[in-house]
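Written below as structure tokens is the structure these notes are about.
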Amino acid sequence: MSQSYEVDGRGLSARQLFLCGLALLVALAVLTVLLMMRSNGRFENYTRIVANMNNVGDGLPENSDVKYHGMIVGTVSGVEPGMNGAPNKVMINLEERHAGAIPKTVTARVIPSNVFAVSAVQLIDNGSGPAIRSGDQITQDNTLPTVVFQTTISKLRDVLFATGRGREDRTIGVLEAVQVATQNRRPKLLTSGAQLDRLLSELDGIIATDPNDTTVSALINVADGLKSTAPELVDALHQAIEPMKTFVEQKSALDSMISAGLNTLGTTQTALANHSDQMVRITGDLTPVLGSLAQQSNNFVPAFQKLNVVSSKFFDDVWIPEVDTPNMRINLALAPTYTYSRADCPTYGALKGNSCFTAPLIPVRPDLPEVLLPQNYQPPADLAPPSGTVLGPNGNLVAVGPPLINPNPNLADPNPPLPPGFTPAPPVPLTANPANVDPPAAPAPAAPAEQPPAEQPPAGSFPAEVAAPASFGGTVGPVGSAKERVQLSVMTGRPATPATQVLLGPLVRGMTVNVGNAEPAAVKPASATTATTGGPR
């Protein structure tokens, strides 16, 4: 196969290069898969067992250590959570060289492996037995030391969580608070303790008549007796305590709200202090606004009443509450765009509008300003062709050098030829084109002369060659042209409007039309010999 990048054909062909690249990609993909399998331990010899455990602590991340007699003998490959009260399944991979020394009777528990409380699995030796094998399942260790150990860990975690503080907590610690509260107060604390002990002793002697009962149990009995004898008093006490209970429960939220309020007030005070001049100026500028609102205050109530009516009608007639969607019928009428003339001016009896004297007699399309016409662009005097081109004999650019060389440009006209009867459009009048000449003034349309009634042709015979002297050719000018408007104006006896052109134009194009006081002699289709310009639509 020929090469697409070497002209002399040296080196490998394109097909050989493609096959070599494909082989390289396949080799890289296989190597990547093998490396990933190697990193995941697929090529290691493991003894895979399952530990059924109800308690996994804070969770066992993947690759957690598995220890036996203090030595790491494997890792955790995954944890499958138990459903509907079933134990969690902990998948363990034991190294093959250590699995032979681990008996099948071992049990498992979760322990912290270091001071950072990283979880690990510990295998507890429960006596001799056959060596553990792949597929074996072991249970959780439920001996007393394990239960006490896990309970201690849980309580310690709760204590640390209760005494711990977040990064945003600016309060002092518990021990520091106790130290500050008791600093230099040893005599007072000893006196208060002695007085409290004497008070409790006196209270115990008064309330607890039975030596076997404690003061707390005696107080509970008193409360039960009060509840049975005066339930209304206890209910009133409960109702009185409820607000204080709510206050204590929402104390943190109240503190946050008060802190946010103080911060907001501080920010507002700073903003007002920094913009006092602007506030004074704004207050002065609002004086006329408030005065206008006060003068129009009698209109506020009717306005809001009407808004209320509109809102009520909207929600009653338009809004569908079941689907939260509005549904309204709207009549939208699209009218054609046209330009008004003097005939469209408003009249009210003898009163006429200003446009009756200033509007144009016929619709006039607005023209672009002269400065926006392309013909009015004046190129600079020193304008030169682009680099590598020269001006050709026909006014076109011919490439003679880099970056493009095309000595034979295609000068064929890409536009289709005009149909018969159409002439090229003249240049836009009143422009800076030096080849432009002032167009001759269009003659005003002459009123049709009175013609005697034409002779009626024989019945059944309408020759196209016979035309009345006042007929208008075989068509009514080019479609939409000024000539067509003039002829339609003569035919209708009034200036032609866009409606006349749209409605009457398609009917008379390609027809022979006679105009006179008498009944038209003939209205017949133009034959093949009749010259037409626009043709019927």
Next on the checklist: Can you give me the distance in nm between label points at Asp58 and Ser228, each placed 7 Å from the Cα along the Cα-to-Cβ direction?
Outcome noted: 5.1 nm
Checklist entry - Given R₀ = 30 Å, FRET efficiency for Arg15-Arg38 by Cβ-Cβ distance, to 0.05? => result 0.30
Checklist entry - Once amide H atoms are built 1.01 Å from N in the peptide plane, which residues 5 or more positions from Ser119, or in another chain, come under 5 Å H to H? => result Ser113
Next on the checklist: For a quick check: with amide H placed at 1.01 Å from N, whose amide H comes under 5 Å from Asp125's, ignoring anything fewer than 5 positions away on the same chain?
Outcome noted: none
Next on the checklist: Which one, Thr347, Ile330, Val309, is farthest towards the positive end of the dipole of segment 300-366 when Lys and Arg carry +1 and Asp and Glu -1 on their Cβ?
Outcome noted: Thr347
Next on the checklist: How many angstrom lie between the Cα centre of segment 292-347 and the Cα centre of segment 224-261?
Outcome noted: 55 Å
Checklist entry - Long-range amide H contacts for Gly74: which residues qualify at under 5 Å (H placed 1.01 Å from N, peptide plane, sequence gap of 5 or more or a different chain)? => result Val66, Glu95
Checklist entry - Counting other C-beta atoms within 10 Å, which of Leu262, Leu17 has the fewest, and how do the rest follow? => result Leu262, Leu17
Item to check | Summed side-chain charge close to Gln122 - residues other than Gln122 whose Cβ falls under 15 Å, Lys, Arg +1, Asp, Glu -1 | outcome: -1
Checklist outcome for this item: Contact order relative to length for segment 46-163, counting C-alpha pairs under 8 Å separated by 6 or more residues, stands in percent at 30 percent
Checklist entry - What's the exposure ranking of Leu488, Leu397, going from fewest to most Cβ atoms within 10 Å? => result Leu397, Leu488
Checklist entry - How many percent of Cα pairs in segment 46-163 exceed 21 Å? => result 35 percent
Item to check | Neighbour cut-off at most 13 other Cβ (10 Å), DSSP loop, trypsin sites (Lys or Arg not before Pro), segment 295-392 | outcome: Arg329
Item to check | For segment 300-366, the fraction of alpha-carbon pairs in successive 5 Å shells from zero, as % | outcome: 4, 12, 11, 10, 8, 8, 6, 11, 14, 11, 4, 1
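We did not get these values from a lab; they are worked out from the coordinates using the rules stated. For clarity, every value in this text was computed on a predicted model and none was experimentally measured. Neighbour counts run over all protein chains shown; Cβ positions are idealised from the backbone, glycine included.
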